[in-house]
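As structure tokens, the structure follows; a few thoughts come after it.
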Amino acid sequence: MSSVEQIAQLAHLDPAAQAVCQRLTERYESELDQITSHLAQVYEEMMVLYDVGGEIAASLDPADIADRAIARIVELLEAGDGVVCLAAETAAGVAQQVLGQRGCRSCVRPLIDWATAQVVERDRSLILNDLAELPVGSVNGTRNLVTSPLRAGGRLIGAVHVLDKANAVGFSTNDQLLLETIAAQVGVAIENSRLFQSAQQHAADLAAALDELKSTYDDTLAALSGALDLRDNETEGHARRVTRFSVRIAQALGCTAQELVDIERGALMHDIGKIGVPDAILLKPAKLTDEEWAVMRTHPHLGFAMIRNIRFLSQAAPIVLHHHERYDGGGYPAGLAGQGIPAGARIFAVADTFDAMTSDRPYRKALPYECAREEIVRCAGSQFDPLVVEAFSTVPEAEWVAIREHVERELALRKRGA
């Protein structure tokens, strides 16, 4: 039984009691209507906030968020125009930027600037239903205004202004409270999107800087290896060719992108240790003595010592150290065998031999591709890793020719540039 029905049952007692019951019934029904109306308003506001939240969450662009939000706010408050402004206090005053707007005429900009400055100064919302006395000159027909601070992370970042309420009464405190609640959402969304865009730009700038740094590193390595080639006229272009050959074999083996980078750098720097070999030995036209060979064979250790502590060359350093090892253990400097030899060094060994056999030397002409390939296949399992030889053999002769021609064009351009 409802409370109204319980009160009604008491009405038969006497006329006075019946009057009291009637007043109680009317009071109860009035309060119930008020509570129902308030709950309906709260529910409507919750749905509005949900709708606005979904609207602004659909974008990561601050201006688009502002445009979406102000369009929805103007509609909800049954107003004519609206503006979202970013603002910050400076030594010269309040710096403002219109981020989004809905139908706002340029002629009301002085009013918007004044209202924004008021919000920044007072850090609270305003309702102005009589604009006649404002110190901003003509308001160009604008009747009323409600404005709310725009905050994010406890900081005031701007203001939201809504103008020209459709009814004659003007904006209410409920309009003000609803605007404040929505503005809180909008401020956080705008700031988050600005932070996201800033993070994206920072990441892009960092990526560009890293790419430029990598390019600088690679150019430096290429110049250094080119200087070594020029020092040893017998092998001009060798470092570039053997680098491209090594990378192509590594691709045929399915190496990762980072492995390709390390192999490229290791191959490019493989003879860097020859900087420490005296010209009398390095450039000697006659056969080297045993003592001279001992000095020459120190260049892998010298090269390794030069680059092992350089961070971006640390993974390339083992290639420099072990590029003269043999698969059967008969190489130097460590006499490593099989899989004990770093993969990059095993790849380089095939590329190095292929380049040596297919390049002109003072004592012989370059060998044809087929002769070089047959010799490499014959040495699989002794001098070379059979899997590397197999990968090498899958690359068509035309590709090797194209790589060599490309390097020769690069060398010709460099000479002309010099």
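The values are calculated or read from the model by the stated rules, or taken from the named source; none is laboratory data. This is a predicted model, so every value here is computed, not measured. Glycine also receives a Cβ, built like all others from the backbone with ideal geometry; neighbour counts cover every protein chain displayed.
Numbers below:
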{"read-out": "Of all residues making up segment 52-102, the number that are at pLDDT below 85 and in a helix (DSSP H, G or I)", "value": "6"}
{"read-out": "Of residues in segment 103-123 being touching an Asp or Glu at 6+ places or on another chain (Cβ under 9 Å) and assigned to a loop (DSSP other than H, G, I, E, B), the one modelled with the highest pLDDT", "value": "Gly103"}
{"read-out": "Number of the condition not met by Ala349 [criteria: (1) in contact with a Leu (Cβ under 9 Å, 6 or more places away or on another chain); (2) assigned to a helix (DSSP H, G or I); (3) within 30 Å of Glu390 (Cα to Cα)]", "value": "(1)"}
{"read-out": "Residue list for segment 243-289, filter: of a type in the set (D, E, K, R) and more than 34 Å from the chain's Cα centre (by Cα)", "value": "Asp271, Lys274, Asp279, Lys284, Lys287"}
{"read-out": "Leu411 within 39 Å of the chain's Cα centre (by Cα) and modelled with pLDDT under 95", "value": "yes"}
{"read-out": "Every pair of residues 6+ apart whose Cβ atoms lie under 6 Å, when the first sits in segment 73-93 and is over 21 Å from Leu156 (Cβ atoms) while the second is β-branched (Val, Ile, Thr) and surrounded by fewer than 19 Cβ atoms within 10 Å (Cβ to Cβ)", "value": "Leu76/Val48"}
{"read-out": "Tabulated pairs, segment 109-130, first surrounded by 17 or more Cβ atoms within 10 Å (Cβ to Cβ), second hydroxyl-bearing (Ser, Thr, Tyr) and outside any loop (DSSP other than H, G, I, E, B), C-beta under 7 angstrom, 6+ apart or interchain", "value": "Ala115/Thr147; Val119/Thr147; Ser125/Thr147; Ser125/Ser148; Leu126/Thr147"}
{"read-out": "Single match in Val94, Val84, Val146 (criterion: among the β-branched types (Val, Ile, Thr), touching a helix residue (DSSP H, G or I) at 6+ places or on another chain (Cβ under 6 Å) and under 19 Å from Arg68 (Cβ atoms))", "value": "Val84"}
{"read-out": "Residue within segment 127-139 that is closer than 24 Å to Arg72 by Cα and not in a loop (DSSP other than H, G, I, E, B) present", "value": "yes"}
{"read-out": "Options Glu375, Glu370, Glu397, Glu410: the member that is within 22 Å of Ser225 (Cβ to Cβ) and of a type in the set (Asp, Glu)", "value": "Glu410"}
{"read-out": "Unmet criterion (only one of (1) without any contact (Cβ under 8 Å) to a residue 24 or more places away in the chain; (2) in contact with a Phe, Trp or Tyr (Cβ under 7 Å, 6 or more places away or on another chain); (3) of a type in the set (Phe, Trp, Tyr)) for Tyr327", "value": "(1)"}
{"read-out": "Top-ranked residue of segment 300-342 - restricted to ones that are at positive phi and assigned to a loop (DSSP other than H, G, I, E, B), ranked as surrounded by the most Cβ atoms within 10 Å (Cβ to Cβ)", "value": "Gly329"}
{"read-out": "Residues that are β-branched (Val, Ile, Thr) and surrounded by 11 or more Cβ atoms within 10 Å (Cβ to Cβ), drawn from segment 153-175", "value": "Ile157, Val160, Val162"}
